[in-house]
1. Among what's in the stretch B:31-54 and is within 14 Å of chain C (Cβ to nearest Cβ) and more than 12 Å from B:Q212 (Cα to Cα), pick the residue that is surrounded by the most Cβ atoms within 10 Å (Cβ to Cβ).
2. Could you tell me whether C:L116 is more than 21 Å from C:G156 (Cα to Cα), open to solvent by less than 30 Å² (accessible area, probe 1.4 Å) and out of contact with any strand residue (DSSP E or B) (no Cβ under 9 Å at 6 or more places or on another chain)?
3. Filter the stretch C:201-217 for residues that are part of a loop (DSSP other than H, G, I, E, B) and open to solvent by less than 20 Å² (accessible area, probe 1.4 Å) and give the result.
4. Scan the stretch B:160-171 for residues that are within 11 Å of another protein chain (Cβ to nearest Cβ) and open to solvent by less than 10 Å² (accessible area, probe 1.4 Å) and report the count.
5. For the stretch C:124-139, name all the residues that are in contact (Cβ under 8 Å) with a residue 24 or more places away in the chain, open to solvent by 10 Å² or more (accessible area, probe 1.4 Å) and either of a type in the set (S, T, Y) or more than 14 Å from C:N171 (Cβ to Cβ) (or both).
6. Give all pairs with beta carbons closer than 6 Å in which a residue from the stretch B:88-100 that is facing chain A (nearest Cβ under 8 Å) meets a residue that is assigned to a loop (DSSP other than H, G, I, E, B); count only pairs at least 6 apart in sequence or on separate chains.
7. Do you know which residues across the stretch C:218-243 are part of a strand (DSSP E or B), open to solvent by less than 20 Å² (accessible area, probe 1.4 Å) and within 14 Å of chain B (Cβ to nearest Cβ)?
Amino acid sequence: MSTVAETRREWLLSERPASRMQARLGRAYVTWRRFSANRLAMVGLFIIIALLVVAALADVLAPYSPTIGDLKNARLLPPSAQHWFGTDDLGRDILSRVIHGSRWTLFVVVLVAVIAAPIGLLVGTVAGYAGGWIDAVLMRVTDIYLAFPKLVLALAFVAALGPGIENAVLAIAVTSWPPYARIARAETLTVRNSDYIKAVQLMGASPMRIVLRHIMPMCISSLIVRVTLDMAGIILTAAGLGFLGLGAQPPLPEWGAMIASGRRFILDQWWVAGAPGFAILIVSLGFNLLGDGLRDALDPRSGDQ
Amino acid sequence: MTSMLRVDQVKVVFDHFRALRGVSLDVAQGESFGLVGESGSGKSTLLRAIAGLVPVASGKIAVGGQVLGRKRDKEFYRKVQMVFQDPYGSLHPRQTVDRLLQEPLAIHGFPDGEQRIRRALDEVGLGSGFRFRYSHQLSGGQRQRVAIARALIVEPSILLLDEPTSALDASVQAEVLNLLEQVRRDRKLTFLMVSHDLAVIAHMCERLMVMQNGEAVESLAASALGTRDVSQDYTRRLLKASEGFVRT
Amino acid sequence: MSALLEIEDLRVTFPTRTGVIEAVRGVSFSLGRERLGIVGESGSGKSQTGRAIMGLTPPQARISAAKLSFDGVDLRSLPAKQRRALRGNRIAMILQDPKYSLDPVMTIGRQIVETLRTHEKVGNAEARERTLQMLEAVQIRDPKRVFDLHPHEVSGGMGQRAMIAMMLIANPELMIADEPTSALDVTVQLDVLNILDRLVADRGMGLIFISHDLRLVSSFCDRVIVMYAGKVVEELKASDLGRAEHPYTRGLLDCMPRIDADRHPLPVLDRKPEWAA
């Protein structure tokens, strides 16, 4: 058993990989070893995996319905054996709502990352590589976005698009790409004059090919790190929009919206706002720790060995 | 002898700094031509101007009789390839040797990639054991071999060599120089080689040009260096310096 | 003549994730007031030897030696503070690239003045005067102008001269030069070596000249140590280089192209595992 694990490790760490697959897996394994050596990062990873599991199994895990409450008998009950996190003003079980809310949180976070990161990456690398007026135009547009506070800009977009969680996601995505563009551009500027990019130019590669296949891979790791670190901010912005009534609409169990509706009872029935608040705190922490760990594991400057 | 590469009164200006002040040279097909000089002499700039990496302010460059325009086309890069000085900087840090060699084949649309990669690695003496390594898993000499394989894989007729061995240890330098000579003989390549080391140029080239401050000092046959048959003081100084330290 | 520096069985090891790397494996030599060259290829441990003497080895490395004494002082047991005082005052080091060893935001003159004043109590005017003299001694033509320049405003050769001036201002007895001229053009290289040579002769310094260039070292030094894989494989008088016995030394000499010899292909070094044993 241990010898099998031993040879597998040797195969992964081989200095002479025999196939494309082995080279790739070996590289991934080295990154993973560097990541897993960081205990806090593993805590972060554990939190995020737990979030994924909870979101996937929400229907099974939640003891009650997240939307239908017992108005007659179960309004604003404190935490107890029946209702671990208590109930809200409509008699709904808060634990169940928090569990179902994890889906919406993931939905927001993933969608924003999927929309904003590629836009930022593309704008940044193209601007950085092309230079000249293309760079000037793209970066001035970026600056305009950066000049407004994120939440204010998101508010304006939601106000224009109409309230709702999909529009909130869109608004957050539209406002969060500029920092990614900045990072990608800075990274591009450091690699565009390197000999290995010159070598590809000398093969006759088109500028688009150079950007997509040679420059972007160099920017991706710092971008991944930044995106995971931003996840917490995205959750909070979504929660903020929810709180202001412009994000998720009732009875959707979105955490921010839950805090907003629990605000009225914060002094007497603290658990109504406290439980989703705590969930946001934990998940944000998880993403932050994960991002920090990824930064150390993926940073090319920390040596590729 | 037919002219393979002709450079005519080429000038290069960087922000008012005149890096090249009108340099001309003519390299015959199959010839190995050397450019020698110290830093700031413009020897590397000339190489990069030919490759299209720096803009030419005035003058003409012709490859195989065809005058080059402002933009180099794909056809040019099939004919002319370059090997850089720093083997640590010229290979993409996130790509395996396999990926590095595939890229030129993909760009130029070669059909039998698999075979060509294997042949190219064999030709530079690396073998398939190196094919899926990342550049950080290679030594300096091995990296330079990969760089040479990458340049040769599109079957160019001119190889531009920018101090290809100055970052390597002496024993590795000998191996790489031998390899370069070997491929030149096998493929009947034309070399344009830049170096600060007179001995390397004398060993590798048939003719050479000494450069200083963006200008040609003199052109001579490599054999003239051995017999000290040089006409310019600057060349003489370089020759003397290459002999090592003399206590005065 | 008593030895200035005595080293016996010096070992430098670096613990890494994959095991221990032995950079220097039992190097012994002694140095008088002479020019000693240490030659080897990258990874031979030549630079780590110099750094270990200087006390500049990275903190995770382990150094051991049967003997490591400078002018009778045991460097192994010396407290960090005294070691620092020794460094710069009596032992100085020149590194390959002046760009990285000079402070980019301080003028050259001020850096030299500061160096002088950390080692000696001298007044402002005197420090300036001595700095200008020192700059003149390294053949900087216009010392007053260079005094007020920043490192990026001077050429590589000038920067290396300034670096030498800074290292010599405290009048060290031992100078360790790690590839001091490799980043310079050949003609400048000889100028810098000339300066170094004169200063060593005039002041009676000991010099350790670390380089990859066997021919340059042998033309400059009195004695040459050839290192391979962390060990000394051969030690000989520089004038006897032609009679070197070890196949590594011979191979290293042979594989370099020569202007007046037509050797195709060049002989290559056939590394034998027993050399590293």
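The values are calculated or read from the model by the stated rules, or taken from the named source; none is laboratory data. What you see is a predicted model, and the numbers here were worked out from it, not measured in a lab. With ideal geometry, Cβ positions are generated from the backbone for all residues, glycine too; neighbour counts draw on all protein chains shown. Accessible surface areas use protein heavy atoms only, side chains included; no ligands, DNA or RNA. Shrake-Rupley method; radii C 1.70, N 1.55, O 1.52, S 1.80 Å.
1. Among them, the one singled out is B:G34.
2. On the way: more than 21 Å from C:G156 (Cα to Cα): yes; open to solvent by less than 30 Å² (accessible area, probe 1.4 Å): yes; out of contact with any strand residue (DSSP E or B) (no Cβ under 9 Å at 6 or more places or on another chain): yes.
Yes.
3. Step one: of the stretch C:201-217, the residues part of a loop (DSSP other than H, G, I, E, B) are C:204-205, C:212-213.
C:M205 - this is the single residue of the stretch C:201-217 that is part of a loop (DSSP other than H, G, I, E, B) and open to solvent by less than 20 Å² (accessible area, probe 1.4 Å).
4. First, the residues of the stretch B:160-171 that are within 11 Å of another protein chain (Cβ to nearest Cβ): B:160, B:162, B:165-171.
Those left that are additionally open to solvent by less than 10 Å² (accessible area, probe 1.4 Å): B:160, B:162, B:165, B:171.
Count: 4.
5. Correct list: C:Q139 only.
6. B:G89/A:S194; B:S90/B:F84; B:T96/B:F132; B:D98/B:R131; B:D98/B:F132
7. C:V224, C:V226, C:M227
Here is a yes/no grid of residues against (1) under 19 Å from the mean Cα position of the chain (by Cα); (2) at pLDDT 85 or above:
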{"position": "A:Y29", "(1), (2)": "no, yes"}
{"position": "A:V43", "(1), (2)": "yes, yes"}
{"position": "A:D59", "(1), (2)": "no, yes"}
{"position": "A:N73", "(1), (2)": "no, no"}
{"position": "A:P78", "(1), (2)": "no, no"}
{"position": "A:T105", "(1), (2)": "yes, yes"}
{"position": "A:I115", "(1), (2)": "yes, yes"}
